[in-house]
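Peer 1: Before anything else, here's the structure in question.
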Amino acid sequence: MDLKDKIYIAGHRGLVGSAIVRQLESRGFTNLLIRTHKELDLTNQVQVQTFFKQEKPDYVILAAAKVGGIHANNTYPADFIYQNMMIEANVINSAYENKVKRLLFLGSTCIYPRAVEQPMREEAILTDVLESTNEPYALAKIAGIKLCESYNRQYSTDFRSVMPTNLYGINDNFHPENSHVIPALMQRFHQAKINNDAEVVVWGTGNAMREFLYVDDMAEASLFVLELNEKDYQANTKPMLSHINVGTGKDVTIREMAETMRQVVGFEGKLTFNSTKSDGSPRKLIDVSRLSNMGWKYSIDLEEGLKKTYKWYFNQGKL
């Protein structure tokens, strides 16, 4: 990409979108198109069409989505499938109509079946039943991948998709009721430290294994895939199996993550596990060999990423 190219980042205030903006700005890109939801409702076809016709972006990064935890997915399934599908359809179609050079769609590894061989390979998509708690969201993300692939086949566009593993970092959601495991635990450890609590209790046995990727690594990987020349991209993908897993290729137990978190936060009390609570899936690890073969690997390990996250939130007064 040229430094003067117009780059539209949809979802620029979210965890990944904001990291991509930081990454682009650090590289000297200044012609970034960003709009808040109030300024541009991506579920509104007319608004999206008007925006693209007026601005004519050269590149599009589609990081906007309606997201939430298990409770939100179970409570508002219609909202999750409708809003995400509308966002994807409107942006991808307008990108085609306005001759965008290249588009990158950000999905989620929840696209893979509930009972799938570990580590999860790209080929596992659409091979079995999805996890019921987030099926509507997962189906919308699958639709986004297939939209990109279908436009590529019919119109020779260059629309690409990346599927990140569990992300964390700056601008994460620290809401006490619907945050993910890392921000939720970080907040609890911090409060326990301030209150001089004797212990912090973690749900589950601590034996479940999860893969975590720092969001700045995700931003770097996204731009790597977006800028990869077409020949190398096509050599490592297939027309109807084009999405790319993004992660570390390594996982840790929840216990190991919690122990690392305790050290980072500086909580000196006891760490205990409530085994009456569910562990969820015993393991969720993705195969990153496709991206590795293309030449990208993560650089920020879990401890360093947790330190960066804790420092930023502490300085922002979020905790």
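Read-outs throughout are calculated quantities, based only on the coordinates presented, and are distinct from any laboratory measurement. As the structure is a computational prediction, the values presented were derived from the model and not from experiment. Counting neighbours? That spans all protein chains shown, and the Cβs are built from the backbone with ideal geometry, glycine included.
Peer 1: Run the dipole for segment 115-190 about the Cα centre, Lys and Arg Cβ at +1, Asp and Glu Cβ at -1, nothing else charged, and hand back the magnitude in debye, nearest 20. Mind dumping the intermediate values first?
Peer 2: Working: 6 positive and 10 negative charges, 41 e Å.
It comes to approximately 200 debye.
Peer 1: For segment 14-106, place one equal point scatterer on every Cα, skip the solvent, and apply the Debye formula. What is log10 of I(q)/I(0) at q = 0.24, 0.25 Å⁻¹?
Peer 2: Log10 of I(q)/I(0), two decimals: -1.35, -1.41.
Peer 1: Whose amide H sits under 5 Å from the amide H of L104, counting only residues 5 or more places off or on another chain, with H placed in the peptide plane?
Peer 2: It is V60, I61, L62, R160, by chain and number.
Peer 1: Here is a follow-up. So how long is each side of segment 29-174 along the principal axes, counting just the alpha-carbon atoms, biggest first, in Å?
Peer 2: Extents along the principal axes, in whole Å: 45, 35, 29.
Peer 1: A further question follows. Net charge within 14 Å of N134 by Cβ-Cβ distance, Lys/Arg positive one each and Asp/Glu negative one each, not counting N134 itself?
Peer 2: +1
Peer 1: Using the Cα centre of the chain as origin and beta-carbon charges of +1 (Lys, Arg) and -1 (Asp, Glu), tell me which of N73, G249, V16 is placed farthest towards the positive end of the dipole.
Peer 2: Working it through, the farthest residue towards the positive pole turns out to be V16.
Peer 1: Order of 21-31, 53-63 by packing, highest average Cβ count within 10 Å first?
Peer 2: Descending packing order for the listed peptides: 53-63, 21-31.
Peer 1: Rg and Dmax of segment 121-243, using alpha carbons, in Å: what are they?
Peer 2: Taking only Cα atoms of segment 121-243, I get Rg and Dmax of 19.1, 62 Å.
Peer 1: Mind pulling the per residue volume of the convex hull built on the Cα atoms of segment 226-282? Å³ is fine.
Peer 2: Dividing the Cα hull volume of segment 226-282 by its residues yields 148 Å³.
Peer 1: Count charges around L106 for me, please; just the other residues with Cβ under 12 Å from its Cβ, Lys/Arg as +1, Asp/Glu as -1.
Peer 2: The answer is +1.
Peer 1: Give the Rg (one decimal place) followed by the Dmax (whole number) of the chain, computed from C-alpha coordinates and expressed in Å.
Peer 2: For the chain, the Cα radius of gyration and maximum Cα-Cα distance read 19.7, 62 Å.
Peer 1: Something else about it: How many angstrom lie between the C-alpha centres of segment 191-266 and segment 112-149?
Peer 2: That distance is 18 Å.
Peer 1: Same structure, new question: Can you give the net charge of the other residues whose Cβ lies under 13 Å from the Cβ of E304, counting K and R as +1 and D and E as -1?
Peer 2: Values: positive: K307, K308, K311; negative: D216, D217, D301, E303.
With Lys, Arg at +1 and Asp, Glu at -1, the net is -1.
Peer 1: A follow-up question, please. Long-range amide H contacts for K66: which residues qualify at under 5 Å (H placed 1.01 Å from N, peptide plane, sequence gap of 5 or more or a different chain)?
Peer 2: When sequence neighbours closer than 5 places are left aside, the close amide H contacts are N84.
Peer 1: Quick one: grab the alpha carbon gyration tensor of segment 1-40, order the square roots of its eigenvalues as a ≥ b ≥ c, and give me rounded if a/c is under 1.5, else prolate or oblate depending on whether a/b is larger than b/c. Let's see the in-between values first.
Peer 2: Details: a/c = 2.93, a/b = 1.46, b/c = 2.00.
Oblate, because a/c is 1.5 or more while a/b does not exceed b/c.
Peer 1: Could you work out [θ]222 nm for the chain from helices alone, using -39500 (n - 2.57) per DSSP H run of at least four and dividing by all its residues? Round to the nearest 500 deg cm²/dmol.
Peer 2: Result for the chain: -13500 deg cm²/dmol, rounded to the nearest 500.
Peer 1: Using modelled amide H (1.01 Å from N, peptide plane; none on Pro or chain starts), what sits under 5 Å from the amide H of M120, excluding residues fewer than 5 places away?
Peer 2: The list, which skips near neighbours in sequence, is L285, I286, D287.
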